[in-house]
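Participant: Supplied in C-alpha cells, the structure appears directly below.
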Amino acid sequence: MNEFKPGLEGVVAVETEIMEPDREGGSLRYRGVDVEPLVGHVPYENVWGLLVDDDLSSTPPDPEPYEPGGLTGDAPGDLQAEMARLAGVWNLGKLNEISDDGAREDLGRLSAQMSAIAACSARVADGSTDPVPEDVVEQGETLAEKFLLRWKGEADPRAVKAIDTYWICTAEHGLNASTFTARVVASTGANCGAALSAAVGALSGPLHGGAPAYVKPMLEEVERMGDPERWVRDALASGKRIMGFGHRVYRAEDPRSRILKRVAKELGSPQVDLAEELEGVALAALQERHPDRVLATNVEYYSAIVLDVAEIPPPLAPAMFACSRVAGWSAHILEQKRTGRLFRPSARYIGPANRPLSEISGAPVAS
Ligand code: COA
C-alpha cells in the first residue's frame, strides 16, 4: 500500500457507475450507454440528464435571471469566478448538510448558468456590451442553439451541430484531473459552487481540456510551413509535445476522436484534410519514437476541428469544455456525496533529516 505512484496512475481511488471507457479504444459508455448512437439523436442537455439522473428525459432547468458581475471576456476565468460567486449569491448549502435532492437541485441550477455565463463572457470578448434579449435566446430549441443565440444573437445550424456533438463527446470521462478535483472538493463537504469552480480551474492548462486551444494554431503553423513531416520532426526534436496526441487511459485511438472526425467531415470542415494528413505523419513519428507506448489521437485533436466549424476562438475552448463536462462533474459530485469518503492520500517525505536551525539560510545568528 505504500508504493509511490506519481500522478496516481493506475490507483483506483473511487468506484463509479457513471462511465466506462474501453481502454483498447472500441467505445465509451455513459451509464452503460454507447456514446456514438447518442450523437445526432439526443441533444446534449438530455445526455446531461442521462449522466446526472440516469434519465434521458431529464435536463438542466432554464437558467435563472442572473447578472454576472464584472465579466472580463476570459471565459474560463469568468466561469471559475462565477461558479464560486453564485454559491454566495444563492447561499448554497454545504454538501454534508444538504440532502441528495438539494445537491441535485443546486447542480442543475449551476449547470444551467455554465453555458449562459460562457456565452455572455464570449460576447464581452467580442466587444459587445448589450446582452441578447431573453426572448431571442428562448427561440433556440437546444442548449447548443441557445448558447449561440446568447453569444451572437444568431445560430448557424452547422455551428449548432458542431457544438452539440462536441458537448456530447466530452460530457464525461471518468476520474480525469478536473473531475478528481471536483470530487476532492466535494469530499470536504464544500458547496456545489466551490466544487465546480475548482473543477473549471483544473482544466485551464494544456494537458487536460485545454488542448483544442493549441491545436488550431498548430495546424495554422503546419499549413504555413507546407511540410507536415518536417514540422513534426522539428517539433519532436525540440522536445515539444504534439497537441491532441497521447492519453493516460487509452492505448488506442480515442473513440470520441473517431466520432468527431466523422462529424467534422459531415460539416464540411475546411481543416479536416490537413488535420488528417498531420495525424498520419504524427502517429508514425510518435510510434517510431515510443515503440513501447501507443500515443494515438485523443479527443482534443478533432474537437479543435469541430469547434473551428462553429467559429469558436481558441481561447474560448476550455470554457466550451467546462460547459459540457459540467454534466460529468455534477454526476461525480452526487456520487461522491452518496458514497464517497474524504480524500487524504499520503506523501512520502524525502526532504532533509532533522537539522538545527543554525544550518538554515537566513536563520538569526545567536548572540
Ligand atoms: N507528443 C509528443 N510526445 C508525447 C506526447 C505528445 N503528445 N504525449 C506523450 N509523449 C511522450 C512524452 O514526452 C514521454 O516521453 P519520454 O518517456 O521520452 O519522456 C512519453 O510519451 C510518456 O508521456 P507521459 O507524460 O508519461 O504520458 P501521460 O500519460 O502522462 O500524458 C498526456 C498524457 C495527454 C498529458 C500527454 O500525452 C500529452 O501531453 N499530450 C499532449 C497534450 C494533449 O493532447 N492534452 C489533451 C489530453 S486529453
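Participant: Please state which of the following conditions ARG289 fails to meet, knowing it meets all the rest: (1) open to solvent by 30 Å² or more (accessible area, probe 1.4 Å); (2) more than 8 Å from the ligand (Cβ to nearest atom).
Facilitator: Condition not satisfied by ARG289: (2).
Participant: Here's a check for you: in the stretch 197-207, which residue that is in a loop (DSSP other than H, G, I, E, B) and touching a helix residue (DSSP H, G or I) at 6+ places or on another chain (Cβ under 7 Å) is farthest from the ligand (Cβ to nearest atom)?
Facilitator: If we take residues in the stretch 197-207 being in a loop (DSSP other than H, G, I, E, B) and touching a helix residue (DSSP H, G or I) at 6+ places or on another chain (Cβ under 7 Å), then SER204 is farthest from the ligand (Cβ to nearest atom).
Participant: Sticking with this structure for a sec: Taking LEU107 and the conditions (1) out of contact with any Cys (no Cβ under 7 Å at 6 or more places or on another chain); (2) away from the ligand (no atom under 16 Å from the Cβ); (3) open to solvent by less than 30 Å² (accessible area, probe 1.4 Å), which numbered condition does it fall short on, given that it satisfies the others?
Facilitator: So LEU107 meets the others, but not (1).
Participant: Separate question: Inspect all residues belonging to the stretch 208-220 and state whether any of them is of a type in the set (Asp, Glu) and in contact with a helix residue (DSSP H, G or I) (Cβ under 7 Å, 6 or more places away or on another chain).
Facilitator: Looking for residues that are of a type in the set (Asp, Glu) and in contact with a helix residue (DSSP H, G or I) (Cβ under 7 Å, 6 or more places away or on another chain), one finds none in the stretch 208-220, hence no.
Participant: Among the numbered conditions (1) farther than 19 Å from ALA211 by Cβ; (2) surrounded by fewer than 15 Cβ atoms within 10 Å (Cβ to Cβ); (3) touching a residue at least 40 places away in the same chain (Cβ under 8 Å), tell me where ALA331 comes up short.
Facilitator: Among (1) farther than 19 Å from ALA211 by Cβ; (2) surrounded by fewer than 15 Cβ atoms within 10 Å (Cβ to Cβ); (3) touching a residue at least 40 places away in the same chain (Cβ under 8 Å), the lone unmet condition for ALA331 is (2).
Participant: Suppose the filter is assigned to a loop (DSSP other than H, G, I, E, B), more than 19 Å from LEU175 (Cα to Cα) and not polar (S, T, N, Q); does GLU45 pass it?
Facilitator: Numbers: assigned to a loop (DSSP other than H, G, I, E, B): no; more than 19 Å from LEU175 (Cα to Cα): yes; not polar (S, T, N, Q): yes.
Against the criterion (assigned to a loop (DSSP other than H, G, I, E, B), more than 19 Å from LEU175 (Cα to Cα) and not polar (S, T, N, Q)), GLU45 does not qualify.
Participant: Quick one: which of ALA264, ALA252, ALA237 is on the phi < 0 side of the Ramachandran plot, within 16 Å of the ligand (Cβ to nearest atom) and open to solvent by less than 30 Å² (accessible area, probe 1.4 Å)?
Facilitator: On inspection, the qualifying residue turns out to be ALA252.
Participant: Something else now. Go through the stretch 21-55 and count every residue that is open to solvent by 70 Å² or more (accessible area, probe 1.4 Å) and free of Cβ contacts under 8 Å to residues at least 24 places away in the same chain.
Facilitator: The total comes to 3.
Participant: Something else: Filter the stretch 167-181 for residues that are buried (at least 24 other Cβ atoms within 10 Å of the Cβ) and either free of Cβ contacts under 8 Å to residues at least 24 places away in the same chain or charged (D, E, K, R) (or both) and give the result.
Facilitator: Scanning the stretch 167-181 gives a single hit, GLU172.
Participant: Run down ALA194, ALA190, ALA211 and say which single residue is away from the ligand (no atom under 16 Å from the Cβ), open to solvent by less than 30 Å² (accessible area, probe 1.4 Å) and of a type outside the set (Ser, Thr, Tyr). Write out each step before concluding.
Facilitator: Numbers: ALA194 fails: open to solvent by less than 30 Å² (accessible area, probe 1.4 Å); ALA211 fails: away from the ligand (no atom under 16 Å from the Cβ).
Exactly one residue qualifies, and that residue is ALA190.
Participant: Regarding SER257, is this residue of a type in the set (S, T, N, Q) and open to solvent by less than 10 Å² (accessible area, probe 1.4 Å)?
Facilitator: For SER257, the condition - of a type in the set (S, T, N, Q) and open to solvent by less than 10 Å² (accessible area, probe 1.4 Å) - is met.
Participant: Taking the stretch 141-163, which residues are outside any loop (DSSP other than H, G, I, E, B) and open to solvent by 20 Å² or more (accessible area, probe 1.4 Å)?
Facilitator: If the condition is that a residue be outside any loop (DSSP other than H, G, I, E, B) and open to solvent by 20 Å² or more (accessible area, probe 1.4 Å), then LEU143, GLU145, LYS146, ARG150, LYS152, PRO157, ARG158, VAL160, LYS161 are the ones that fit.
Participant: Tell me, yes or no, whether the stretch 313-327 has at least one residue that is among the β-branched types (Val, Ile, Thr) and open to solvent by 10 Å² or more (accessible area, probe 1.4 Å). Step through it out loud before you land on a result.
Facilitator: We begin by selecting, within the stretch 313-327, every residue among the β-branched types (Val, Ile, Thr); these are 326.
Then keep just the ones that are open to solvent by 10 Å² or more (accessible area, probe 1.4 Å); that gives none.
Checking the stretch 313-327: not a single residue is among the β-branched types (Val, Ile, Thr) and open to solvent by 10 Å² or more (accessible area, probe 1.4 Å).
Participant: For VAL184, which of the numbered conditions (1) more than 20 Å from GLY77 (Cβ to Cβ); (2) open to solvent by less than 30 Å² (accessible area, probe 1.4 Å); (3) part of a helix (DSSP H, G or I); (4) away from the ligand (no atom under 16 Å from the Cβ) fails to hold?
Facilitator: In the conditions (1) more than 20 Å from GLY77 (Cβ to Cβ); (2) open to solvent by less than 30 Å² (accessible area, probe 1.4 Å); (3) part of a helix (DSSP H, G or I); (4) away from the ligand (no atom under 16 Å from the Cβ), VAL184 misses (2) alone.
The values are calculated or read from the model by the stated rules, or taken from the named source; none is laboratory data. This is a predicted model, so every value here is computed, not measured. No Cβ is skipped: glycine too gets one built from the backbone with ideal geometry, and neighbour counts run over all protein chains shown. Side chains are part of the model used for accessible areas, which takes the heavy atoms of the whole protein and leaves out ligands, DNA and RNA. Shrake-Rupley method; radii C 1.70, N 1.55, O 1.52, S 1.80 Å.
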